[in-house]
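S.K.: After the structure tokens below, expect a handful of questions from me.
The values are calculated or read from the model by the stated rules, or taken from the named source; none is laboratory data. Fair warning: this is a prediction, and the values are worked out from it, not measured in the lab. Cβ sites come from the backbone with ideal geometry, for glycine too, and all protein chains shown count toward neighbours. Calculation scope for accessible area: heavy atoms of the full protein, side chains included, ligands and nucleic acids excluded. Shrake-Rupley method; radii C 1.70, N 1.55, O 1.52, S 1.80 Å.
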Amino acid sequence: MEKGIVTNKEFKQEYEPGSGSLFVPVLGNLFPKLFGQSMRSVDRWFVIAEVKDKLYRYEIDKKIYDRIDIGDKIEIRIDQYGMPEVGLMK
């Protein structure tokens, strides 16, 4: 388990590739579900933390993102799949 300090928070809204279709003006107005589909957005939240004098960027969920502030101490664990898991220190 590593310990770190939050230096920055980041939010990104990305769009799922291939989820939208090309809008055709005439057909899009007649059949909006078939020809007027927009791309699906994907929200991602990140925390940038200083761990052992190096900066690391971890993806977190919205609940933790809302609870964490800049300057908070966090702990980084490795889950069963080998991915980092960020949590607040108690």
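S.K.: Which percent of the accessible heavy-atom area of the chain goes to carbon and sulfur, probe 1.4 angstrom?
M.R.: Details: 3840 of 6970 Å².
About 55 percent, which is the carbon plus sulfur part of the accessible surface.
S.K.: Let me ask you something else. Below 22 Å Cα-Cα, how many Lys pairs turn up in the chain? Only count pairs eight or more apart in sequence, or on different chains, if you could.
M.R.: 22
S.K.: About the Cα centre of the chain, what is the dipole size in debye to 20, counting +1 per Lys and Arg Cβ and -1 per Asp and Glu Cβ, all else neutral?
M.R.: 100
S.K.: Need one value: the accessible area of Glu59 in square angstrom, 1.4 angstrom probe, rounded to the nearest 10.
M.R.: Only protein atoms counted, so the area is about 100 Å².
S.K.: I've got another one for you. Which ³J(HN,Hα) values in Hz, rounded to whole numbers, follow from the phi angles of the stretch 46-51 under the Karplus curve 6.51 cos²θ - 1.76 cosθ + 1.60, where θ = phi - 60° and Gly and Pro get x?
M.R.: Taking θ as phi minus 60°, the curve returns 10, 10, 9, 10, 9, 10 Hz for the stretch 46-51.
S.K.: Okay, moving on. Where does the chain land on the Kirkwood hydrodynamic radius, alpha-carbon pairs, in angstrom? Spell out each step's value before the answer.
M.R.: Working: mean 1/r = 0.0645 Å⁻¹.
Over the chain, the inverse of the mean reciprocal pair distance is 15.5 Å.
S.K.: Return the inverse of the average 1/r over all pairs of distinct C-alpha atoms in the stretch 48-90, which is the Kirkwood hydrodynamic radius, in Å to one decimal.
M.R.: Numbers: mean 1/r = 0.0900 Å⁻¹.
Kirkwood hydrodynamic radius for the stretch 48-90: 11.1 Å.
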